[in-house]
Amino acid sequence: MSIDSTSLSTTQALLPPTTEPKRALRAAAAVLALLVACLLGFAGAAPAQAHDQLIESAPAPGAALDAAPADVTLRYSADIMDIGPMIVLEDADGTAWATGEPVIDGSAVTSTIDDALPDGSYTINWRVVSSDGHPITGTIPFTVGDASAADALAAEAATPVPSEAAVPDADSAPASESDSGATTGPTAEVTSRSAFDVPRLLLIGGLGAVVALGVAWVIVRSRKGAQQDGDADAR
């Protein structure tokens, strides 16, 4: 008894397709879902990680010193990365006082003060890169000696006093008004910019590449499974 090709094709079409491609697709989908979950979880948790913190300083915040300090020492909760540490010392007028190059020793950063500070109020502006690659900044105010009297004298000295030559007489034309004032030394602006966390970005990029490869693998595997089913039906 012979079986025509039409009956054979109809019978094969009614048979359930092989389960091997479906199992592969399910496994690939599970792996892909796991990778996506890891990527999203890491990307969401990384910003919440705490950066290093300043735990001790000399001078201490708000310290009232009888004599001028010879240096500035900052100590953090973890070792600091040796990437552009900055310590700027300013007085109440915003004048920057010379300090030495910051020296990093593990979790401590030290900078010498070149000149003896007169009585007055001062602020230490610092910036370092914490162990996780993020820049962190802060300010430390302190005073030396009789700060109130010294600040008052400094403010009075900085007040501009018009000279007699600048006062027009009745016969001269009115002079144009101009703002004048004492100038201060150069100041340094301490900023806290959001730097790129290179290790975290590399890891996120790597996970993204793995996810993309997983998607491509699922697509190729599904196409091969469909082609195999078609070849089986044709036979």
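Quick look at the values:
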| quantity | calculated |
| --- | --- |
| Inter-residue pairs, beta-carbon under 7 Å, first within 20 Å of Thr112 (Cβ to Cβ) and in the range 50-73, second exposed (fewer than 12 other Cβ atoms within 10 Å of the Cβ) and not acidic (Asp, Glu), 6+ apart | Ala68/Ala116 |
| Members of the range 51-81 that are assigned to a strand (DSSP E or B) and polar (S, T, N, Q) | Ser57, Thr73 |
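Yes/no matrix, rows are residues, columns are (1) of a type outside the set (A, V, I, L, M); (2) open to solvent by less than 20 Å² (accessible area, probe 1.4 Å); (3) in contact (Cβ under 8 Å) with a residue 24 or more places away in the chain:
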residue	(1), (2), (3)
Ser77	yes, no, yes
Gly84	yes, no, yes
Asp91	yes, no, yes
Gly94	yes, yes, yes
Glu101	yes, no, no
Ala108	no, yes, yes
Ser130	yes, yes, yes
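The values are calculated or read from the model by the stated rules, or taken from the named source; none is laboratory data. Quick caveat, the model's predicted, so the values are computed rather than measured. Here the Cβ is made from the backbone with ideal geometry for all residues, glycine too, and neighbour counts use every protein chain on show. Protein only, heavy atoms only, side chains kept; ligands, DNA and RNA dropped before computing areas. Shrake-Rupley method; radii C 1.70, N 1.55, O 1.52, S 1.80 Å.
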